[in-house]
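Everything below concerns the one structure shown next.
The values are calculated or read from the model by the stated rules, or taken from the named source; none is laboratory data. Keep in mind that what you see is a predicted model, and the values were worked out from it rather than measured. With ideal geometry, Cβ positions are generated from the backbone for all residues, glycine too; neighbour counts draw on all protein chains shown.
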Amino acid sequence: MLKRSKVKSYTKKFPRFENESLSLYYAPRMPKAMIKETEEAVALARKFNDEVARPLSLELDRKTHEDPDYLPVELVKKANEWGFYTMWIPKLFGGKGFNLPSISYFLEEVGSVCVGIANVIGVHYLGMAACMMLSNTRIIKRVMNDVVEGEKTGEPCLISYCITEPTAGTDVEEVDLEAKGRLGCHARKVPGGYILNGSKIFISNGHFSTWNVVYAYTDLKKGADTKVALMVKRGMKGFSLGTHENKMGQRVCPASVLNFEDCFVPDELVAMDPDIIKSYTKKTPRNVNMQHIDYVFSISRAGVGAFGVGVARGAFETAMKYANETEIDGKPMVTYEWVQCRLAEMYANVRLGRLAYTEANLANQHRGAYNILQMKPIYYYLKYLPVSYFKKVIAPLLDKPIATWILSKWYIDWQKPDDQHLTTGLASMAKFSCTDLGVRNCQMALELMGKAGLRHDSGAEKIIRDAKLLQIYEGTNQLNRINLFKSIVAPACPKATFFEE
């Protein structure tokens, strides 16, 4: 029998076990208060479902079919009244400061009723993540203060992340593809700022958002090396909204066209460009670009995984309700073994998906973008000190260049490449596995329900329309499979190449 001392010695020699089972390794290190906080977030989501989402889901979907130009402004205002747009903004920047992993469980809960409504809430935090990861504390403070003020005044202030272009979709999510993509959003450096020209498309919540994190390029043929990140506010001269897509699913959340025609963005709203990057790191703009994309999508893809589990749950619960209420040959449908097997598989898909996005959350929490917020001393410091303290003592410091320098060094220079690869790889795994499981459950629900599932009032056909979009945004599921391979599997495959076809 192998001695225990030799086993310990062997684990020290190969200290990568945590990469294989983050739940085992990191769950005991979580601040215990996070559990109660997450339960509160889920309870609030259930209350919102009962009072808002469930009564409105099919009605809003029907309205968007009757009038493709309809925008559910009242839904956005309702979410704002419930405090959802500041709930996960750190107290440091004036928000309620709920732990960021809890948003996945919240989004799953709302998504189990309507993933479009969940996206109206959740995609705002994609914009927040993009703004935060750019590390300019002065800009972050300004934008987040506007969001908090919008909650107080009843005029929602949302943030959008604007990267997709008419001729460059998936291309903008990988630096190797940016060089091959047909980029079109151009930023020309002028005294005092940039002149922005071009369009962005499929921008979720674009018609609702006040602030937009816009990627553009000073050289359209060298995108990864010349990217700039600009904060563009609604109402700025030269910025206008185009149409929004007449989508198959998630119709309640608009996918908007944003147009820029000689739109001047002043230096004070330039969050990132090659010169700024050179001021705080020796890394190349290309590497910083990829790092920023990885950390933003590590957060958002875990959230889309939660969307996928939400639709898997919605499909399962709809099918189970139908099986309980329907009879075949005088017997309840649910008494047949073939029905029980299908329901069991659908339930298992929900649980398996939740495990996948939980692994991605743990990677983000301990090895990724918001690891600093979940360190126990900092977590409890932020949790128990009042917001007034941060306004009076900390907020003035955020305008100092040193604050931006520290945050930039934390996210760019002080993060380990292995951590970056782990978080982006597991987020991609959660994204494609959860959304594929969600679509699979929707298909099984329709197969079980037959033609009854095709009726709009059944809810089942809407769920599968909503679910299909999950396989496309935040990077297609094919791209996410490649990213998982590239980030985690590739070290064992030295002959592997990427994006050469």
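Here are some notes:
- Within segment 249-282, the set of residues being surrounded by 15 or more Cβ atoms within 10 Å (Cβ to Cβ), over 24 Å from the mean Cα position of the chain (by Cα), of a type outside the set (A, V, I, L, M, F, W, C) and not in a helix (DSSP H, G or I) comprises Thr281 only.
- Residues of segment 20-55 classified as among the aromatic types (Phe, Trp, Tyr) and farther than 15 Å from Ala79 by Cβ, total: 2
- Lone qualifier among Gln420, Gln415 - being in contact (Cβ under 8 Å) with a residue 60 or more places away in the chain, more than 16 Å from Val309 (Cβ to Cβ), out of contact with any strand residue (DSSP E or B) (no Cβ under 7 Å at 6 or more places or on another chain) and not in a helix (DSSP H, G or I): Gln415
- Any chance Ile482 is within 20 Å of Glu178 (Cβ to Cβ), modelled with pLDDT under 95, in contact with a helix residue (DSSP H, G or I) (Cβ under 7 Å, 6 or more places away or on another chain) and among the β-branched types (Val, Ile, Thr): no
- One residue alone among Lys391, Lys495, Lys409, Lys451 is without any contact (Cβ under 8 Å) to a residue 60 or more places away in the chain, farther than 30 Å from Ala344 by Cβ and out of contact with any Cys (no Cβ under 6 Å at 6 or more places or on another chain), and that residue is Lys495.
- Taken across segment 45-52, residues that are within 21 Å of Trp88 (Cα to Cα) and either at pLDDT below 55 or of a type in the set (D, E, K, R) (or both) do occur, with at least one present.
- Look at segment 473-489: where a residue is over 19 Å from Ile203 (Cα atoms) and a partner is surrounded by fewer than 21 Cβ atoms within 10 Å (Cβ to Cβ) and aromatic (Phe, Trp, Tyr), sitting 6+ places away or on another chain with Cβ atoms under 8 Å, you get Ile482/Phe498; Ile482/Phe499; Lys486/Phe498.
- Some residue of segment 194-206 being in contact with a Phe, Trp or Tyr (Cβ under 9 Å, 6 or more places away or on another chain), surrounded by fewer than 18 Cβ atoms within 10 Å (Cβ to Cβ) and either in contact (Cβ under 8 Å) with a residue 40 or more places away in the chain or in a loop (DSSP other than H, G, I, E, B) (or both): yes
- Helices (runs of 4 or more DSSP H) (entirely within segment 29-146) containing at least 1 residues that are within 28 Å of Arg351 (Cβ to Cβ) and under 14 Å from the mean Cα position of the chain (by Cα): 102-111, 115-133
- Residues that are surrounded by 24 or more Cβ atoms within 10 Å (Cβ to Cβ) and over 21 Å from the mean Cα position of the chain (by Cα), drawn from segment 400-443: Asn441, Cys442
The rows are residues; the columns are (1) crowded, with 24+ Cβ neighbours inside 10 Å; (2) in contact with a Ser or Thr (Cβ under 9 Å, 6 or more places away or on another chain).
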| site | (1), (2) |
| --- | --- |
| Gly305 | yes, yes |
| Gly308 | yes, yes |
| Gly314 | yes, yes |
| Val334 | no, yes |
| Glu337 | no, no |
| Cys341 | no, no |
| Ala348 | no, no |
| Gly368 | yes, yes |
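- Residue in segment 319-328 that is in contact with a strand residue (DSSP E or B) (Cβ under 8 Å, 6 or more places away or on another chain) and either at pLDDT below 95 or crowded, with 20+ Cβ neighbours inside 10 Å (or both) present: yes
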